[in-house]
Amino acid sequence: MENPTNEEIVPRDATGEEIESLVHEPDKIPITAWLLTFTGAVAQLARYGVVVTWQNYLQNPRGNALLPGALGLGQSTATIIQNAFLFFEYITPFLFAFISDGYLGRYKTMLISLALLAVGYVVLLATSTPSALSHGAGVGGIAATIILVGLGQAGISAVMYPLIGDQIPESTPKVKRRGSQLVVTDRKLTIQYVFNGYYWMVNIAALSSIATTLVEKHVDFWAAYLLATGIFLLGIIPVLVWSRHIVKPLPDGFRLSAADPEFQRLNKHRTVEWSTDFVGELQRGLKGCRVIVCFVIFWLCYNQTTNNLVSQAGQTEQKGISNDTIQSLNPIACIILGPLIQGVIFPFLRRRKVPLGPIVRMTVAFFFIAAGIGYAAGVQKLIYSRGPCFQYPLECPAANDGQHDGSLRPNEVNIWIQTPVHFLLAAGEILGLVALNEYTYSEAPANAKSMVQAIQQLAAAIGSALGLALGPVSKNPDLVILFASLAGTMALSGTIFWASFRKLDKDYEAKENAGEDTAAIVVSLQNEKETC
């Protein structure tokens with residue numbers, strides 16, 4: 001098998017022995033899958049480029065050359081609005097999941113979401129011009145934008161991963177030739193590969209915040225929003241032009257009252273419409289939801305990158321960059337680590353038969369997140385050990401000594417000491433979120449994949465709410481205790497997660513290799529009929 005002869009005909013269905021013995025590799029990825037990853041990345045580019053400027057836009061008044069602003073609502077109100085937007089964005093995917101899985105289908109729901117985003121960004125652009133702001137249109141414009149963009153982004157979150165996965169055709173494992181060797185194609189690896197690609201592209205898109213914040217500072221907010229909106233509108237054209245090539249599963253409704261038909265026949269003396277296969281689907285979907293619940297603590301820890309870690313960077317010597325620019329190290333780390341993990345580490349481990357199931361990867365991710373937050377606790381301890389303000393950075397009278405421009409002197413720690421935090425969190429992000437999307441896509445019932453995706457966003461919303469609850473203790477001199485407690489909680493969560501779900505990897509591997517997802521195959525046949 002390792003050295004096939006020229007006479008051997010491949011590709012062909014793999015035997016059980018070949019599935020066990022040959023190296024597994026991803027199959028060819030349809031161009032439509034990459035087209036949709038591009039569309040999703042463009043949506044994220046606009047989101048990152050716009051939303052990152054909102055704190056200044058909301059908080060500061062116009063007219064300060066050093067600190068850009070527009071509405072002058074103050075820090076407290078601006079922060080509340082930002083958190084409300086995030087919570088709204090994470091909660092509303094349920095609405096779009098219901099519409100997608102029950103009525104319109106994932107593709108049409110994506111188009112509606114893109115339209116909402118386009119209108120929202122245009123409204124923001126129109127109401128952020130100096131003329132519009134001088135006529136009082138700014139507050140109404142940002143309110144309308146928050147609703148439109150929140151809804152549009154929620155729709156993208158609900159349907160994009162499932163729709164990308166829909167482009168990968170159902171198939172049993174095949175033997176193919178790779179150079180001089182035979183390998184087995186593995187659909188779950190194909191999905192993993194394309195989901196990793198999507199995540200990599202999203203992190204490239206996240207770097208748009210660097211460009212928009214520079215334009216915001218040196219030109220104006222409207223110019224930053226024009227840049228993001230223009231790229232977004234141009235970026236969604238390809239998915240509209242090549243629409244007829246995209247696989248578009250039909251909605252199949254919800255059947256949450258399902259129970260085993262044989263049980264219904266014997267005990268209730270009635271015949272039901274659903275099948276035993278569907279009951280198995282539903283049971284697997286519930287397993288996926290149980291796994292999602294464990295990501296609440298993941299999000300609580302990961303969200304530190306947008307609040308307490310930004311504040312920590314502000315307590316250090318910034319060496320020519322701002323404290324909110326340092327968080328760009330996170331997408332940069334994802335861009336570097338993504339291809340390394342997917343293209344080097346994973347194939348190396350697969351060739352040596354090291355298990356790489358999604359539960360294993362999620363567990364490792366939890367410990368990477370714990371290590372990152374634990375490192376942040378060490379950095380905070382170092383900051384507290386240095387002058388001039390020790391445990392109260394920027395808050396003591398010594399912070400003003402020798403400062404003639406009104407700025408405050410931070411503690412004597414270099415901002416770049418935070419770099420490992422962002423790389424550790426990026427590794428956890430890549431391993432954990434891609435594995436979660438892969439697992440829940442595979443385990444979710446074919447007619448409820450968007451709904452299961454929406455449950456992931458609910459976990460993120462709960463994590464954000466817990467972060468708000470930690471607000472009173474997110475202050476000096478308690479930050480070492482805060483970071484250390486979060487790291488310990490994350491490590492404990494990872495241990496409990498592995499103890500609870502480690503057996504699911506074997507079930508997952510057996511189902512995928514056997515090609516037993518009957519309902520999904522039926523949907524695939526429907527897709528072939530409905531693809532225009």
Worksheet item: Residue check, Q342 against (1) in contact with a Leu (Cβ under 7 Å, 6 or more places away or on another chain); (2) in a helix (DSSP H, G or I); (3) buried (at least 20 other Cβ atoms within 10 Å of the Cβ); (4) at pLDDT below 95, all met but one. Which one?
Response: (1)
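Run down E395, E438 and say which single residue is part of a loop (DSSP other than H, G, I, E, B) and in contact (Cβ under 8 Å) with a residue 60 or more places away in the chain. Don't jump to the end; show me each part of the working.
Numbers: E438 fails: part of a loop (DSSP other than H, G, I, E, B).
Result of the check over E395, E438: E395.
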Worksheet, complete the sentence: Flagged in region 324-368 as touching a residue at least 24 places away in the same chain (Cβ under 8 Å) and among the basic types (K, R), in numbering order, are R350, R351, R361
Item to complete: Return yes or no: is I112 modelled with pLDDT under 95, among the β-branched types (V, I, T) and surrounded by fewer than 23 Cβ atoms within 10 Å (Cβ to Cβ)?
Response: no
Item to complete: Go through region 167-222 and give me each residue that's within 22 Å of L329 (Cα to Cα) and not hydrophobic (A, V, I, L, M, F, W, C).
Response: N196, G197, Y198, Y199, N203, S208, S209, T212, T213, E216, K217
Item to complete: Can you work out which of the residues in region 29-65 that are in contact with a helix residue (DSSP H, G or I) (Cβ under 9 Å, 6 or more places away or on another chain) and without any contact (Cβ under 8 Å) to a residue 24 or more places away in the chain is surrounded by the fewest Cβ atoms within 10 Å (Cβ to Cβ)?
Response: N60
Practice prompt. Can you tell me which residue within region 133-146, out of those that are closer than 17 Å to V119 by Cα and in contact with a helix residue (DSSP H, G or I) (Cβ under 8 Å, 6 or more places away or on another chain), is surrounded by the fewest Cβ atoms within 10 Å (Cβ to Cβ)?
Written response: G140
Worksheet item: Considering only region 441-479, how many residues are farther than 23 Å from P358 by Cα, aliphatic (A, V, I, L, M) and not in a helix (DSSP H, G or I)?
Response: 1
Worksheet entry | Residue tally, condition out of contact with any Phe, Trp or Tyr (no Cβ under 7 Å at 6 or more places or on another chain) and assigned to a helix (DSSP H, G or I), over region 152-187 | 7
Practice prompt. Please work out which residue is modelled with the lowest pLDDT, limiting yourself to region 437-476 and to residues that are farther than 23 Å from G150 by Cα, touching a Gly at 6+ places or on another chain (Cβ under 9 Å) and polar (S, T, N, Q).
Written response: N447
Worksheet item: touching a Gly at 6+ places or on another chain (Cβ under 7 Å) and either more than 30 Å from T53 (Cβ to Cβ) or not in a strand (DSSP E or B) (or both): does that describe Y198?
Response: yes
Fill in: Failed criterion for M110 (all others in (1) under 23 Å from P162 (Cβ atoms); (2) over 22 Å from the mean Cα position of the chain (by Cα); (3) of a type outside the set (D, E) hold)
(2)
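I'd like to verify a number: residues in region 113-146 that are part of a loop (DSSP other than H, G, I, E, B) and of a type in the set (S, T, N, Q), how many? So that I can check it myself, show each step before the final result.
The first filter runs over region 113-146 and keeps only residues part of a loop (DSSP other than H, G, I, E, B), leaving 128-129, 135-137.
The next check asks that each one be of a type in the set (S, T, N, Q); those that pass are 128-129.
Here the count works out to 2.
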Worksheet item: Which numbered condition trips up H135, out of (1) over 30 Å from P11 (Cα atoms); (2) of a type outside the set (V, I, T); (3) touching a residue at least 12 places away in the same chain (Cβ under 8 Å)?
Response: (3)
Worksheet entry | Failed item in (1) modelled with pLDDT under 85; (2) of a type in the set (D, E, K, R); (3) outside any loop (DSSP other than H, G, I, E, B), with R361 passing the rest | (1)
Practice prompt. Report yes if R244 is out of contact with any Phe, Trp or Tyr (no Cβ under 6 Å at 6 or more places or on another chain), basic (K, R), at pLDDT 90 or above and not in a loop (DSSP other than H, G, I, E, B), otherwise no.
Written response: yes
Item to complete: Kindly indicate whether L35 is in a helix (DSSP H, G or I) and either at pLDDT 85 or above or in the same structural domain as I204 (by TED's automatic domain parsing) (or both).
Response: yes
Worksheet item: Going by the conditions given, is V149 within 18 Å of the chain's Cα centre (by Cα) and at pLDDT 95 or above?
Response: yes
Worksheet, complete the sentence: Filtering region 369-390 down to residues that are surrounded by 16 or more Cβ atoms within 10 Å (Cβ to Cβ), touching a residue at least 24 places away in the same chain (Cβ under 8 Å) and part of a loop (DSSP other than H, G, I, E, B) yields R386, P388
Item to complete: Being of a type outside the set (D, E, K, R), out of contact with any strand residue (DSSP E or B) (no Cβ under 6 Å at 6 or more places or on another chain) and crowded, with 19+ Cβ neighbours inside 10 Å narrows it down to one of L458, L482, L492, L468, so name that one.
Response: L482
Discussion item. So if I check each of A365, A399, which one is small (G, A, S) and within 29 Å of N56 (Cβ to Cβ)?
Written reply: A399
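The values are calculated or read from the model by the stated rules, or taken from the named source; none is laboratory data. As the structure is a computational prediction, the values presented were derived from the model and not from experiment. As a convention, Cβ positions derive from the backbone with ideal geometry for all residues, glycine included, and neighbour counts pool all protein chains shown.
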